[in-house]
Amino acid sequence: MAVCNARVFILSFLTAVIFHRSLANVAAEGSTSEESPHRRFEYKYSFKGPHLSQSDGSIPFWIHSGNAIPSADQVRITPSLRSQRGSVWTKNKVSFEHWEAEVTFRVSGRGRMGADGLALWFTSEQGLDGPVYGAADTWNGIGVFFDSFDNDGKKNNPAILVVGNNGNLVYDHQNDGNTQALGTCLRDFRNKPYPIRAKITYYRKTLTVFINNGFTPDKEDYEFCTKVENMIIPTEGFFGISAATGGLADDHDVLSFLLFRLTEPGQQPPSVDSEIPKEQKDKYQEEFQNFQQELDKKKEEFQKEHPNVQGEPMDDLYESVNDREIRQVFEGQNRIHLEIKQINRQLAMILDEQRRYVSVITDEVAKKGTSAGSGQPDSASQQLSSVISTQQELLRNLNELRWDHPENTRIKPLKLLNIFQMYHYHNISVRNMHIAMDCNKCIIQTLNT
Ligand SMILES: [Ca+2]
Ligand SMILES: [Ca+2]
């Protein structure tokens, strides 16, 4: 009897477990479409400052070729010289089913137009050198191109395009890959106040490109650029960034490349230890220790050379060239803004004074008019009337000027030229107002004598 009871108990327990699990599955399946995938940073396929390169000029886990120059806080893929080609590639192949890459870069040059552009790659082989933005043609995989130069003259560059290739396609450079692009969007990515950020997601066979156009310091300010569905890419391949210049030349600087492995919700992301063979782990450990020792040595040297700054946080001591330029521009704008505010206050004071003078003059004229009796107006009072109407005109202009003031319209960033023009205009106006005021004083004195 006891055995029978136990069986019934086990059976009902199992039924409950199965029922519960199936409910859980239904819930999980119903919600997978909204849940975002698990995201894990992959340092072996990434680089970023402030210690991007090692003392020998190499980038840990990456190789660079051509004219690329790695430094502590960026990789200059090409300098702004004619006919340059450079690239960086992961040393090892990546075989993630889903991934996301975040790339931060600047394309800058003195010309109104630049060339040729920058490309992000995921390809079955490293395209170390070649004619497609500094990398090999007839690649197998995908390229996301930031095409600066308008080769076909259709006025549709700078543009961003996604081009897939199975190893047979020759890139149509002369037509800016027009007929080969699987997705495209127009974005001017050159000479922006902040670095451009591109986020490329390959998830469930869909490739999506988001762009942060470098107008704000907000890192998450991404806009949708393009999406390619049912995109088949090699199951394993190398990530790369390449760039090239032509007759025109831009600096193509990459500040960071960060790779994330995506795992669908409900699936267990593989543990880090299980996927790295022991010998490789030892090698990385050794590389890391060397790097650490070198860093400590550098720190010591720095502290010896700069005994005064010991103990201060290291990050505060440095400022990159770009940070400095942006800071200077903003400080300059701020100063001009304050000056214009000051001028506006002066204008308000002058306006008040003008009103007072006009009323005094009007009173005086009225008095003289009554004392002269009801006869014909003499030439003196006619002159005074014309002075008064001029004064009223002046008052009206002043009022309009105040309402045109940037305080009322809000200064738009980077319209420095306009602000300078406004500044000079206001300055001249203030000088004229002062002359007008002196003139008023003369008139009142004349009237009183
Ligand atoms: Ca082009
Ligand atoms: Ca074009």
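The values are calculated or read from the model by the stated rules, or taken from the named source; none is laboratory data. Predicted, not measured: the structure shown is a model, and the values here were computed from it. No Cβ is skipped: glycine too gets one built from the backbone with ideal geometry, and neighbour counts run over all protein chains shown.
Could you say which residue among R197, R204 is assigned by TED's automatic domain parsing to the domain that holds S65 and out of contact with any Gly (no Cβ under 9 Å at 6 or more places or on another chain)?
Details: R197 fails: out of contact with any Gly (no Cβ under 9 Å at 6 or more places or on another chain).
From the options R197, R204, the qualifying one is R204.
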Self-check item: Any chance L351 is surrounded by 11 or more Cβ atoms within 10 Å (Cβ to Cβ) and in a helix (DSSP H, G or I)
Solution: yes
Quiz prompt | All positions within region 80-101 that are buried (at least 18 other Cβ atoms within 10 Å of the Cβ) and within 22 Å of G117 (Cβ to Cβ) | solution = S80, Q84, R85, G86, S87, V88, W89, T90, A101
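Answer yes if at least one residue in region 88-102 is within 14 Å of ligand 1 (Cβ to nearest atom) and not hydroxyl-bearing (S, T, Y), and no otherwise.
Checked against the condition, which is being within 14 Å of ligand 1 (Cβ to nearest atom) and not hydroxyl-bearing (S, T, Y), region 88-102 yields no hits at all.
If a residue has to be surrounded by 22 or more Cβ atoms within 10 Å (Cβ to Cβ) and either away from ligand 1 (no atom under 16 Å from the Cβ) or closer than 15 Å to G183 by Cα (or both) to count, how many in region 142-156 make the cut? Spell out how you get there, then give the answer.
Initially, region 142-156 is screened for residues surrounded by 22 or more Cβ atoms within 10 Å (Cβ to Cβ), giving 142-148.
Filter again for either away from ligand 1 (no atom under 16 Å from the Cβ) or closer than 15 Å to G183 by Cα (or both), leaving 142-147.
Residues in region 142-156 being surrounded by 22 or more Cβ atoms within 10 Å (Cβ to Cβ) and either away from ligand 1 (no atom under 16 Å from the Cβ) or closer than 15 Å to G183 by Cα (or both): 6 in total.
When the residues of region 320-365 are filtered to those that are touching a residue at least 12 places away in the same chain (Cβ under 8 Å) and of a type in the set (D, E, K, R), which remaining residue is nearest to E393 (Cα to Cα)?
Restricting attention to region 320-365, the residues satisfying the condition of being touching a residue at least 12 places away in the same chain (Cβ under 8 Å) are 320, 322, 326, 329, 332-333, 336-337, 339-341, 343-344, 346-348, 350-351, 353-355, 357-358, 360-362, 364-365.
Retained after the next criterion (residues that are of a type in the set (D, E, K, R)): 339, 341, 353, 355, 364.
Numbers: E339: 26, K341: 24, E353: 15, R355: 11, E364: 19 Å.
Of everything passing the filter in region 320-365, R355 is nearest to E393 (Cα to Cα).
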Quiz prompt | L207 being of a type in the set (A, V, I, L, M) and surrounded by 22 or more Cβ atoms within 10 Å (Cβ to Cβ) | solution = yes
Self-check item: Flag if L120 is over 27 Å from L262 (Cα atoms), under 19 Å from the mean Cα position of the chain (by Cα) and in contact (Cβ under 8 Å) with a residue 24 or more places away in the chain
Solution: no
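Which one is farthest from ligand 2 (Cβ to nearest atom), of the residues in region 181-212 that are without any contact (Cβ under 8 Å) to a residue 60 or more places away in the chain and of a type in the set (D, E, K, R)? Let's see the steps before the verdict.
Here is the first cut: in region 181-212, the residues without any contact (Cβ under 8 Å) to a residue 60 or more places away in the chain are 181-188, 205-206, 208, 210-212.
Narrowing the set further to residues that are of a type in the set (D, E, K, R) leaves 187-188, 205.
Details: R187: 13, D188: 13, K205: 29 Å.
Selected residue: K205.
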Quiz item: Within region 123-139, can one find any residue that is aromatic (F, W, Y), more than 13 Å from ligand 2 (Cβ to nearest atom) and buried (at least 16 other Cβ atoms within 10 Å of the Cβ)?
Solution: yes
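Restricting the search to region 39-51, which residues are closer than 10 Å to S71 by Cα and without any contact (Cβ under 8 Å) to a residue 40 or more places away in the chain?
Taking region 39-51 as the starting set, the residues that turn out to be closer than 10 Å to S71 by Cα are 49-51.
Result: no residue meets the conditions.
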Quiz prompt | Selection within region 38-57 - in a strand (DSSP E or B), within 20 Å of E294 (Cα to Cα) and among the basic types (K, R) | solution = K48
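For F149, indicate whether it is hydrophobic (A, V, I, L, M, F, W, C) and within 12 Å of ligand 2 (Cβ to nearest atom).
The answer is yes for F149.
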Quiz item: Among all residue pairs at least 6 apart or on different chains, which show Cβ distances below 6 Å where the first residue, located in region 167-180, is at positive phi and the second is of a type outside the set (S, T, N, Q) and not in a loop (DSSP other than H, G, I, E, B)?
Solution: D176/D147; G177/L161; G177/V163
Practice problem: Under 8 Å between Cβ atoms, at least 6 apart or on separate chains: pull out the pairs that start in region 139-150 with a residue that is closer than 13 Å to L207 by Cβ and modelled with pLDDT of 95 or more and end on any residue that is within 16 Å of ligand 1 (Cβ to nearest atom) and in a loop (DSSP other than H, G, I, E, B). | Solution: G143/Y133
